[in-house]
Amino acid sequence: MNEKTKYRKYWGLAAFLAATAIAVPALAEEASVGDTVIHLAYSLDTFYFLMSGALVMWMAAGFSMLEAGLVRGKNTVEILTKNVALYSIACIMYMIVGYNIMYGGGPNGVIPGLSFFLGADHTVDEVLKSGGETYYSSLSDFFFQVVFVATAMSIVSGAVAERMKLWAFLTFAIVMTGFIYPVQGYWKWGGGFLDALGFLDFAGSGVVHLCGASAALAGVLLLGARKGKYVNGIIKAIPGANLPMATLGTFILWLGWFGFNGGSELKISTIDEANAVSMVFVNTNTAAAGGLVAALMLSRAWFGKADLTMALNGALAGLVAITAEPLTPTPLVATLVGAIGGLLVVAAIIYIDKAKIDDPVGAISVHGVCGIWGLLAVAFTNPEGSLIAQLTGIGVIFAWCFGTSLVVWFILKAVMGIRVSEEEELEGVDVAECGLAAYPEFTKE
Amino acid sequence: MKKIEAIIKPFKLEAVKDALTEIGITGMTVSEVKGYGRQKGHKEMYRGAEYNVDFNPKIKIELVLAADLVDKVVDAIRDAANTEKIGDGKIFVIPVEDVLRVRTGERGKEAI
């Protein structure tokens with residue numbers, strides 16, 4: 001996503017008056033045809049932006065279903081509560097301050113500006129004056145951006161599932177969506193120093209996925225593993241309660257990703273842009289397919305069984321990997337980028353588990369490991385990509401998100417505690433935190 | 001009067017029910033149970049890690065009948081539930097002191 005053209009407001013009044021004064025009546029009709037085209041293109045691009053944003057919003061449902069499917073039945077209500085609440089918190093915090101930090105400009109590309117609340121949208125005159133340069137509503141831009149923040153935060157909830165306190169998590173969400181995410185977002189998409197460096201991240205393998213995974217890793221390290229996950233050095237499986245739900249969640253995420261990557265082309269109203277959007281759709285889809293097939297085959301070869309949950313993670317791995325550059329590769333190369341993501345995710349899940357870092361849904365592997373892979377792949381799939389710039393971007397995003405998150409988690413741990421009691425964990429956080437069960441008609445495990 | 005409690009593999013329920021219906025048994029009580037015997041539990045795999053399922057799912061069939069029918073019923077259950085593999089289950093025969101039909105208050109054999 002490139003730096004947005006927006007807020008070129010008040011300079012135009014004098015120029016507008018001058019232009020009106022010298023305009024001859026004979027030109028009026030010709031100008032109005034041109035204006036109509038600008039009107040239409042603006043409407044079309046804004047419409048495309050809004051619908052893409054709505055698709056990305058639906059990814060919140062995907063994450064909810066995926067996570068609810070991969071935790072135990074006794075922790076379902078709480079993970080759903082976290083998901084609906086984090087989405088809402090993200091929307092409010094980003095509206096109050098996050099968007100302005102990310103896209104408000106700043107003195108030197110490192111320190112972002114600080115302002116609050118959303119500005120007014122473009123007026124008709126401004127848009128016509130710009131000759132189509134301003135090509136979508138600034139509020140549609142906000143809407144598209146806000147759902148990305150929620151995605152980054154959703155990544156965290158899965159990794160810390162089944163043992164983190166609800167209110168500690170939601171407090172973290174406030175800081176993450178209002179501050180941590182927007183600052184590094186400014187560095188890249190807001191036109192900050194990472195952007196100036198030539199770091200490429202089309203739709204957020206780094207800015208969204210690596211960011212969320214880094215925050216999740218910091219949380220998991222301070223939080224510790226679920227009870228019964230690592231007993232006397234042996235890794236125990238804790239099977240998810242509802243694999244149909246996890247599968248539905250994966251398909252919803254897959255669908256939402258067309259908005260995530262497709263919308264990040266930012267424009268569809270010309271033939272070139274329409275072709276580019278089509279390419280992004282095709283590559284996004286085929287990368288997911290490649291990731292799924294690769295993960296399914298590797299799990300069959302490695303464990304002797306075709307593990308559905310690994311296949312689901314494989315599809316997401318492919319999607320995360322192609323997100324950094326879904327436009328320049330051919331569909332075959334995009335499939336390979338996704339497939340490598342699918343292989344990486346299976347290995348990462350196993351080795352992260354062996355390192356006794358307990359991530360119930362594989363979020364750190366999917367979004368962190370494959371986010372890094374996707375960013376590195378840009379250096380090979382986009383002629384403008386540079387390995388040094390990509391590595392710098394990866395290092396900066398990880399260091400910032402992991403470092404600040406660790407501090408915030410640490411403060412939360414000291415002030416309110418981040419982990420439920422052992423008894424609450426064994427009983428299930430549904431009853432302990434939310435006071436109700438997801439499946440009251442079934443006995444608990 | 002005797003009570004027969006049969007623990008069988010879940011997928012054999014239909015076959016056992018049909019076999020019992022064929023020899024004129026008119027009612028039974030069925031429940032989903034878990035347990036293990038010589039078969040022990042089994043291992044399953046999730047995301048590359050094994051876990052033990054110590055208690056296997058089984059079906060328990062309970063029926064009460066006149067003592068002279070026991071052999072015929074036990075044979076029918078055994079024939080229908082047998083796969084000749086470990087884990088096929090067990091059949092228990094237990095004496096019953098009395099039976100009472102709630103609606104009418106009939107007792108003993110009449111109430112079965």
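Does segment A:222-243 include one or more residues that are over 26 Å from A:A161 (Cβ atoms) and of a type in the set (D, E, K, R)?
Within segment A:222-243, not a single residue is over 26 Å from A:A161 (Cβ atoms) and of a type in the set (D, E, K, R).
Does any residue of segment A:383-397 turn out to be within 14 Å of chain B (Cβ to nearest Cβ), of a type in the set (D, E) and over 22 Å from A:P182 (Cα atoms)?
no
May I ask you to verify whether A:A213 is more than 14 Å from chain B (Cβ to nearest Cβ), in contact with a His (Cβ under 9 Å, 6 or more places away or on another chain), outside any loop (DSSP other than H, G, I, E, B) and surrounded by 19 or more Cβ atoms within 10 Å (Cβ to Cβ)?
Working: more than 14 Å from chain B (Cβ to nearest Cβ): yes; in contact with a His (Cβ under 9 Å, 6 or more places away or on another chain): yes; outside any loop (DSSP other than H, G, I, E, B): yes; surrounded by 19 or more Cβ atoms within 10 Å (Cβ to Cβ): yes.
Judged against the criteria, A:A213 is a match.
Considering only segment B:1-43, state which residues are in contact with a strand residue (DSSP E or B) (Cβ under 6 Å, 6 or more places away or on another chain), charged (D, E, K, R) and surrounded by 13 or more Cβ atoms within 10 Å (Cβ to Cβ).
Correct list: B:K2, B:K3, B:E5.
Residues in segment A:284-315 that are within 14 Å of chain B (Cβ to nearest Cβ), touching a Gly at 6+ places or on another chain (Cβ under 7 Å) and under 21 Å from A:S205 (Cα atoms): how many?
Residues meeting the conditions: 3.
Which condition number in (1) assigned to a strand (DSSP E or B); (2) among the aliphatic types (A, V, I, L, M); (3) over 30 Å from A:N313 (Cα atoms) is the one that B:V73 fails?
(1)
Every residue, every condition in (1) away from chain B (no Cβ under 14 Å); (2) surrounded by 20 or more Cβ atoms within 10 Å (Cβ to Cβ), yes or no:
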{"site": "A:P331", "(1), (2)": "yes, no"}
{"site": "A:G338", "(1), (2)": "yes, yes"}
{"site": "A:G362", "(1), (2)": "no, yes"}
{"site": "A:S365", "(1), (2)": "no, yes"}
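Is it the case that A:A321 is buried (at least 24 other Cβ atoms within 10 Å of the Cβ) and within 14 Å of chain B (Cβ to nearest Cβ)?
Criteria not met by A:A321.
Which residue out of A:K236, A:K229 is surrounded by fewer than 24 Cβ atoms within 10 Å (Cβ to Cβ), among the basic types (K, R), within 14 Å of another protein chain (Cβ to nearest Cβ) and touching a Phe, Trp or Tyr at 6+ places or on another chain (Cβ under 9 Å)?
So the residue among A:K236, A:K229 that is surrounded by fewer than 24 Cβ atoms within 10 Å (Cβ to Cβ), among the basic types (K, R), within 14 Å of another protein chain (Cβ to nearest Cβ) and touching a Phe, Trp or Tyr at 6+ places or on another chain (Cβ under 9 Å) is A:K236.
If A:T309 satisfies every condition in (1) closer than 20 Å to A:V156 by Cα; (2) under 20 Å from the mean Cα position of the chain (by Cα); (3) touching a residue at least 60 places away in the same chain (Cβ under 8 Å) but one, which is the exception?
(2)
Could you check segment A:354-445 for helices (runs of 4 or more DSSP H) lying wholly inside it with 2 or more residues that are charged (D, E, K, R)?
Numbers: elements: A:370-381, A:387-415, A:422-427.
Helices (runs of 4 or more DSSP H) meeting the threshold: A:422-427.
Identify, by number, the condition in (1) touching a Gly at 6+ places or on another chain (Cβ under 6 Å); (2) small (G, A, S); (3) in a helix (DSSP H, G or I) that A:A241 doesn't meet.
A:A241 satisfies all of (1) touching a Gly at 6+ places or on another chain (Cβ under 6 Å); (2) small (G, A, S); (3) in a helix (DSSP H, G or I) except (3).
If you check every pair at least six apart or on different chains, which have Cβ atoms under 8 Å apart with a residue in segment B:49-60 that is within 12 Å of chain A (Cβ to nearest Cβ) first and a residue that is surrounded by 13 or more Cβ atoms within 10 Å (Cβ to Cβ) and among the aliphatic types (A, V, I, L, M) second?
B:A49/A:I235; B:A49/A:A237; B:E50/A:A237; B:Y51/A:A237; B:Y51/A:I238; B:Y51/B:M45
Got at least one residue in segment A:146-167 being over 14 Å from the mean Cα position of the chain (by Cα), assigned to a helix (DSSP H, G or I), touching a residue at least 60 places away in the same chain (Cβ under 8 Å) and surrounded by 20 or more Cβ atoms within 10 Å (Cβ to Cβ)? Can you show your working first?
Here is the first cut: in segment A:146-167, the ones over 14 Å from the mean Cα position of the chain (by Cα) are A:159-167.
With assigned to a helix (DSSP H, G or I) added as a condition, the list becomes A:159, A:166-167.
Going one step further and asking which of them are touching a residue at least 60 places away in the same chain (Cβ under 8 Å), we end up with A:159, A:166-167.
Within this subset, residues satisfying the condition of being surrounded by 20 or more Cβ atoms within 10 Å (Cβ to Cβ) are A:159.
Checked segment A:146-167: at least one residue is over 14 Å from the mean Cα position of the chain (by Cα), assigned to a helix (DSSP H, G or I), touching a residue at least 60 places away in the same chain (Cβ under 8 Å) and surrounded by 20 or more Cβ atoms within 10 Å (Cβ to Cβ).
Go through segment A:409-441 and count every residue that is hydrophobic (A, V, I, L, M, F, W, C) and surrounded by fewer than 20 Cβ atoms within 10 Å (Cβ to Cβ).
The initial filter retains those residues of segment A:409-441 that are hydrophobic (A, V, I, L, M, F, W, C), namely A:409-412, A:414-416, A:418, A:420, A:426, A:429, A:431-432, A:434, A:436-438.
Now restrict to residues that are surrounded by fewer than 20 Cβ atoms within 10 Å (Cβ to Cβ): A:410-411, A:414-416, A:426, A:431-432, A:434, A:436-437.
The total comes to 11.
Taking the residues in segment B:1-48 that are more than 14 Å from chain A (Cβ to nearest Cβ) and among the polar types (S, T, N, Q) as candidates, determine which candidate is farthest from the chain's Cα centre (by Cα).
For segment B:1-48, the residue satisfying everything is B:Q39.
Since every read-out is calculated from the coordinates, none of them should be taken as a lab result. Keep in mind it's a predicted model, so treat the numbers as computed, not measured. Here the Cβ is made from the backbone with ideal geometry for all residues, glycine too, and neighbour counts use every protein chain on show.
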